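Beneath this line is the structure, given in C-alpha cells, with notes to follow.
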Amino acid sequence: MIRLKDIMLESEMIGLAEKFAPAGGQYFVEVETSDELVLNNTYYFGLELSTGDICEVRGTAVEVSGAEGNRVYKFKIIECDEKYVSLVASSLSEKSPAAEKTGDGPTWAYGLKQMNSSYAIIVNSPAGFYTAEHLKVIAGIAEKGYGITKLTHAQRIVVLVKPEQLATVENQLAVAGLRKGVLHHGVRNVRACAGALCKWSKNNDAIGLSVDIDKELYGFSTKFDVKIAVSDCLRNCSESYCADIGFIGLDGEYRVVIGGRGSSIPFRALELAPKIPKNKVVAFVRKFVDWYAARANERERLCKTLQRIGTEIYNVKPESVRSEIKAAFERLDVPAMQSGDTVSESARMFEQYLRGLAVDSIRSEFAVVI
C-alpha cells in the first residue's frame, strides 16, 4: 500500500481538479501525518500517480495507528479527478504492475479505448520524422476509422480507429516501415529537433541520432517509462532538461543530462557528463538504460530512482551534517512559495539535492563510455 508523508489534508477541495468522478474500485492509501484527523471524515489531498502527475482525491479516514505526533491513517479513496480515474486504478491496484505488460516487453500504445468509444493507436516515429508515404498510409487508416489524427508532444501521431480495424492496422503500418509506439515500461519515442537541417546545429544530427537510438532500444523492457530527447544546440528546442535522458549539442559532441521530468511537478535534469562524442551516444544510452532497468523499482521513473539512491547516500552522513543541510534548505522557504501540489519549494529543492548526490555517485560507472 502506498504511504504518503507530509502532505496537506483539507476538508474542502484543494482546487487541482475541475470535476470529480467515483474512484471505481476499492483503493486505499496510508497517510503519515502529525495532524489529528477525525475517523470517518472525508479529506481532500494530492496523490502523486505513477506518471508523476498530481491527482486531487477525496478519501475517508477509516483507520489510525501510531502514537500522537506520528500517526498513520488509512484512507479509502472515494473520488478523484475525472481525468485520472484509470491512472488512479493502475497506480493503486494490488495486482502486480507486470501483469499490464505483454510478456517481458513494454506496454504498447495500441487499441487504447477513448471516451468517444474509438480506439487509439500511437505510431512510433523517432524525431517525428515522417515521409510522404508514411502520411498517406496513416491518412488511409484514419479515413477508415474516425477521420481524426492527433500530433503529440512526443512527436508521435495518434490515430483513432474502429474496433474492427485493430486486427489489421499493425500490418498496414509495417508495410510502410512504421511501428506501434510504446505506452509504458519501455523507451518511448525519441524526441529531436530539426537537427542538421537547422543552421544552429553544431556539427550534429539529432534526427539521425534519434533513429539510431530507436533501432537499438525499440521494444526494450524497463521498469517504467524512459523518455529521451536530443537537441543539437544550446537553444534546447527538444526540451532535453525535461527528459529522463537528454542530450544538448555542442560542436560535434553532446552534453548529457539525466533525471528530468515534465508533468505537473517538473524536475530539471542534472548533468552527468559535460560532453560526449556523438559517435558514443548510442552506446552510452544502451549502457544507461541497462543500468536503470537493473536499479529501478517497478513503476519508478528515473528521477525517483535517483532520489531514492540520493536519500540512501544522505542517510549515512553524520547526523550533524544532515541537520545542517536540512536546516539550510528550510531557511530558503517562503510560505507563499508552493510548487503546485501543496509541497513547499524548499522541499522540492531538497529533493533535487538528493538527486544530485545520486548523479555524482554514478559518474564513475559510465567513465569508460563517456
Open item on the list: Suppose we filter segment 243-269 for residues that are surrounded by fewer than 21 Cβ atoms within 10 Å (Cβ to Cβ) and either part of a strand (DSSP E or B) or not hydroxyl-bearing (Ser, Thr, Tyr) (or both); how many remain?
Closed with: 8
Task: Criterion (under 19 Å from residue 188 (Cβ atoms) and exposed (fewer than 14 other Cβ atoms within 10 Å of the Cβ)) met by exactly one of 319, 298, 312 - done: 298
TODO: Report the residue count in segment 322-344 for those that are modelled with pLDDT under 90 and surrounded by fewer than 16 Cβ atoms within 10 Å (Cβ to Cβ).
DONE: 10
Open item on the list: Here is a check on your reading of the model: is residue 286 modelled with pLDDT of 95 or more and either within 19 Å of residue 182 (Cα to Cα) or in a loop (DSSP other than H, G, I, E, B) (or both)?
Closed with: yes
Open item on the list: Out of everything in segment 15-30 that is in a loop (DSSP other than H, G, I, E, B) and of a type in the set (A, V, I, L, M, F, W, C), what residue ends up being farthest from the chain's Cα centre (by Cα)?
Closed with: 23
Open item on the list: Out of the residues in segment 31-58 meeting the condition of being of a type in the set (Asp, Glu) and surrounded by 14 or more Cβ atoms within 10 Å (Cβ to Cβ), tell me which one is nearest to the chain's Cα centre (by Cα).
Closed with: 53
Open item on the list: Quick check on my filter: what residues within segment 61-89 are small (Gly, Ala, Ser) and farther than 12 Å from residue 25 by Cβ?
Closed with: 61, 65, 66, 67, 69
- [ ] Check off (1) in the same structural domain as residue 111 (by TED's automatic domain parsing); (2) part of a helix (DSSP H, G or I); (3) closer than 24 Å to residue 355 by Cβ for residue 213 and give me the number that stays unchecked.
- [x] (1)
Task: Listing of helices (runs of 4 or more DSSP H) fully contained in segment 59-176 that carry 1 or more residues being more than 21 Å from the chain's Cα centre (by Cα) and either assigned by TED's automatic domain parsing to the domain that holds residue 34 or modelled with pLDDT of 95 or more (or both) - done: 132-144, 169-175
Open item on the list: Here are the criteria: (1) farther than 21 Å from residue 277 by Cβ; (2) basic (Lys, Arg); (3) surrounded by fewer than 16 Cβ atoms within 10 Å (Cβ to Cβ). Tell me which single one residue 180 does not satisfy.
Closed with: (3)
Open item on the list: Looking at segment 17-27, can you tell me whether even one residue there is among the acidic types (Asp, Glu) and either touching a Ser or Thr at 6+ places or on another chain (Cβ under 9 Å) or on the phi > 0 side of the Ramachandran plot (or both)?
Closed with: no
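The values are calculated or read from the model by the stated rules, or taken from the named source; none is laboratory data. Computed from a predicted structure; not experimentally measured. Counting neighbours? That spans all protein chains shown, and the Cβs are built from the backbone with ideal geometry, glycine included.
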